[in-house]
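The values are calculated or read from the model by the stated rules, or taken from the named source; none is laboratory data. Since the structure is predicted, the reported quantities are computational estimates derived from the model, not experimental observations. Backbone-built Cβ (ideal geometry, glycine too); neighbour counts: all protein chains shown.
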Amino acid sequence: MLRPLKLSLLNVSRAAGAFRFVRNTRWRGQQLLILCYHGVSIDDEHEWGPGLYMTSDGLASRFELLRRRGCAVLPLDEAVRRLYEGTLPPRSVALTFDDGNFDFYSRALPLLKAYQLPATVYLTTYYCETNLPIFPLVVSYVLWKRRGVEFTFKLSSRADVTLDTRSADGRRRGQQALVRFADAEGMSAQERDALAARLADAVGVDYSGIKRKRLMHLMNKDEVREVARAGVDIQLHTHRHRSPPDEGRYRAEIAANRERIVALTGSTPRHFCYPSGAWSARYSNWIRDERLLSATTCEPGIASAKDDRFRLPRLLDHSEMTPIEFDAWLSGLGALLPRRSIESHAVDADGKPLVGSTTQHARLSAELRA
């Protein structure tokens, strides 16, 4: 009920010239809108995860609006530096893409080149080395592809599980049961892939097609090197997309991530994105000790020089965001409208975001990657 009212208010505001007015204020000129993208559909991923994915046409329409609104799209490093120097150009924007999915290489990069836009990829490196589908994601996707049934799946010779794909909650529970089983068995990436393939075969989903299209894959090493040579900025996102609760393991994740990025790109990354938006004060302190320049969250907002540089807000763009909502955020008006209070820093004992107390991106990402 609230969303239709919000959209009506935005339509009236734009017609009255409020978007244009805010867009050209001195206040907006001192703010940086950091946009966050997760995935660009190769097939039907935007239907499976509309809160994370968008279509190529949808992304192109966003880039076109950036151009029409006269936004200054800056490289992240320059944008953060100029934010705190107070030298941002009017309507400043930075583009960030999380994880380093293959669809960035195949779908987003051609559009970035066509529109001559700089972008940052926060790369999680583990799956770059395996070139396999990300297990929690592909299991969730397979269950969604066969939605509407309940069946028993044999996990092993000594265990089976009842999977109910008739609802989103049922599919989520099934995905989590499969991930827990793989974790308990200490399965390797290859063994998890074999389990996902058995699941797909059991429900009649073409797993070879998923792998052929490279859905739920990250870029491989050669593709990371190629996008870096093309001018894409590659930054830190931990090696395994994890937020361990103790300092030693957390910083080891960053060190492993950094080591691999340097080897792939020849450049030392100095910016960080919290996996699944799992921010906390202790994480922020550990990041400072890594001598980094910034860290971004999944908290929706527009950044100002008053913000802690290790808790910078971002706006997640996705299929469910309407063009007028996106336009409102470009103008700055979106940041001024009331919205529900969200704590994206809440984490559990394993350093994972708590479902129900996170942003949409963090919540979905945590559920899919659990």
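Going by what's in this entry, would W48 be described as within 17 Å of P89 (Cα to Cα), of a type outside the set (K, R) and at pLDDT 95 or above?
Spelling it out, it is not the case that W48 is within 17 Å of P89 (Cα to Cα), of a type outside the set (K, R) and at pLDDT 95 or above.
Cβ-Cβ under 6 Å, sequence separation 6+ or interchain: first residue in the stretch 66-84 and closer than 12 Å to R309 by Cα and in contact (Cβ under 8 Å) with a residue 24 or more places away in the chain, partner outside any helix (DSSP H, G or I) and hydroxyl-bearing (S, T, Y). Which pairs?
V80/S294
If Y274 satisfies all but one of (1) buried (at least 22 other Cβ atoms within 10 Å of the Cβ); (2) of a type outside the set (G, A, S); (3) at pLDDT below 95, what's the number of the condition it fails?
Unmet condition: (3).
Suppose the filter is of a type outside the set (S, T, N, Q), modelled with pLDDT of 95 or more and out of contact with any strand residue (DSSP E or B) (no Cβ under 8 Å at 6 or more places or on another chain); does P110 pass it?
Answer is yes for this residue.
Identify all residues within the stretch 207-237 that are surrounded by 13 or more Cβ atoms within 10 Å (Cβ to Cβ) and of a type in the set (D, E); write none if there are none.
Matches in the stretch 207-237: E223, E226, D233.
Assess whether R288 counts as being surrounded by 14 or more Cβ atoms within 10 Å (Cβ to Cβ) and either of a type in the set (K, R) or in a loop (DSSP other than H, G, I, E, B) (or both).
no
With the requirement that a residue be of a type in the set (D, E, K, R), crowded, with 20+ Cβ neighbours inside 10 Å and closer than 12 Å to W144 by Cα, what does the stretch 162-197 give you?
Passing the criteria: only R171.
Only residues in the stretch 227-246 that are closer than 15 Å to A108 by Cα count as the first member; pair them with residues that are among the β-branched types (V, I, T) and surrounded by 22 or more Cβ atoms within 10 Å (Cβ to Cβ), Cβ under 6 angstrom, at least 6 apart or cross-chain, and list the lot.
So the pair list comes out as A228/I234; V232/V121; D233/T120; I234/V121; I234/I261.
Just checking, does the stretch 221-229 include any residue being closer than 30 Å to S156 by Cβ and either modelled with pLDDT under 95 or assigned by TED's automatic domain parsing to the domain that holds E78 (or both)?
No - not one qualifying residue is present in the stretch 221-229.
Looking at (1) of a type in the set (D, E, K, R); (2) at pLDDT 95 or above; (3) within 20 Å of the chain's Cα centre (by Cα), which one does R363 not meet, given that it meets all the others?
(2)
From (1) part of a helix (DSSP H, G or I); (2) under 19 Å from C298 (Cβ atoms); (3) of a type in the set (V, I, T), pick out the condition that doesn't hold for V12.
So V12 meets the others, but not (2).
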